[in-house]
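Here the structure comes first, spelled out in structure tokens, and everything after it is commentary.
Each value in this text was obtained by applying a stated rule to the coordinates, not by laboratory testing. Since we're looking at a predicted model, the values are computed, not measured. No Cβ is skipped: glycine too gets one built from the backbone with ideal geometry, and neighbour counts run over all protein chains shown.
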Amino acid sequence: MSTVLYWRRTDVEGLERLELTAGADGVTVSGTVVCLEDGGFRLDHTWSLDAGWRTRWVDVEVHGRRTRGTLRLERTENGWLVDGAPRPDLDDAEEPDLSVTPFCNTLPVRRMHAGASLTLDTAYIDGPALTVAPSRQRYEPVAPGRVRYVDLGLFHGFEAELTVDDKGLVVSYEHLFERVEPAP
């Protein structure tokens with residue numbers, strides 16, 4: 001089963017096309033973000049998730065005025081590798097968080113139990129800069145289909161309300177993203 005989603009940025013000029021394919025052995029995701037922020041860039045990201053929606057690896061490729069290059073973040077039995085090199089500072093990270101897409105919020109949202117908040121460590125990928133750093137986040141249920149995101153790490157104090165569909169995919173991310181439908 002394949003699903004195609006589009007999000008537009010609400011803070012700057014930008015658009016993303018994301019394709020998600022779920023199968024018995026896992027989920028593959030590929031997206032392209034085009035944005036005028038940071039001098040303008042195109043960012044392609046590809047994810048491999050297991051059947052429980054846990055990230056196996058994510059590849060990021062940026063073509064921009066300020067940055068060009070690739071990055072791979074990969075989960076191993078012993079922690080995370082960034083471009084093949086061990087990153088012990090990311091050992092506590094449960095999932096990646098790629099800065100330019102609301103897709104990553106789906107991973108923790110799907111793990112939330114009814115009525116319970118979820119706090120987790122992440123490997124925050126600054127997409128346009130191709131850097132990775134540890135960070136911490138909390139997700140709090142607000143109402144059915146609504147979740148409050150609270151940054152406890154790199155952007156401590158940032159909060160936003162997310163509206164999600166029945167699969168945990170973001171419909172709107174306060175101040176940053178909203179899902180849009182292509183014209184027929």
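From helices alone, the chain scores -500 deg cm²/dmol at 222 nm; the rule is -39500 (n - 2.57) for each run of n ≥ 4 DSSP H residues, then divide by the residue total.
The residues neighbouring Tyr149, those whose beta-carbon lies less than 9 Å from its own, together hold a net charge of -3 under the Lys/Arg +1, Asp/Glu -1 convention.
Between Thr163 and Arg42, full extension at 0.36 nm per residue minus the direct alpha carbon distance yields a gain of 41.0 nm. Sparsely packed loop sites in the range 62-140 (the GluC sites (Glu not before Pro) outside DSSP H, G, I, E and B with at most 16 other Cβ atoms within 10 Å) comprise Glu77. Taking Lys and Arg as +1 and Asp and Glu as -1, the other residues whose beta-carbon sits under 13 Å from that of His63 total +1. For the pair Ala183 and Ser30, label points projected 7 Å from Cα toward Cβ lie 2.7 nm apart. The calculated FRET efficiency for the pair Arg56 and Glu13, based on their C-beta separation and a Förster distance of 35 Å, comes to about 0.60. Taken along the Cα-to-beta-carbon direction at a fixed 7 Å, the label points for Asn78 and Arg138 span 3.5 nm.
Please return the longest range in the chain lying between exposed loop sites, taking chymotrypsin sites (Phe, Trp or Tyr not before Pro), DSSP loop only, at most 15 other beta-carbon atoms within 10 Å, and leaving the sites out.
Longest stretch, sites excluded: 1-154.
Compute the Cα gyration tensor for the range 59-148, then decide on rounded, prolate or oblate, letting a ≥ b ≥ c be the square roots of its eigenvalues: rounded whenever a/c is under 1.5, prolate when a/b is larger than b/c in the other cases, and oblate in all that remain. Judged from the Cα gyration tensor, the range 59-148 comes out oblate (a/c at least 1.5, b/c at or above a/b). For P(r) over Cα pairs in 10 Å bins from 0, in percent, one of [x] 9, 34, 32, 19, 6, 0; [y] 9, 37, 37, 15, 2; [z] 9, 37, 41, 11, 1 was computed from the structure I shared and the rest are decoys. Which label? Answer by label: [z].
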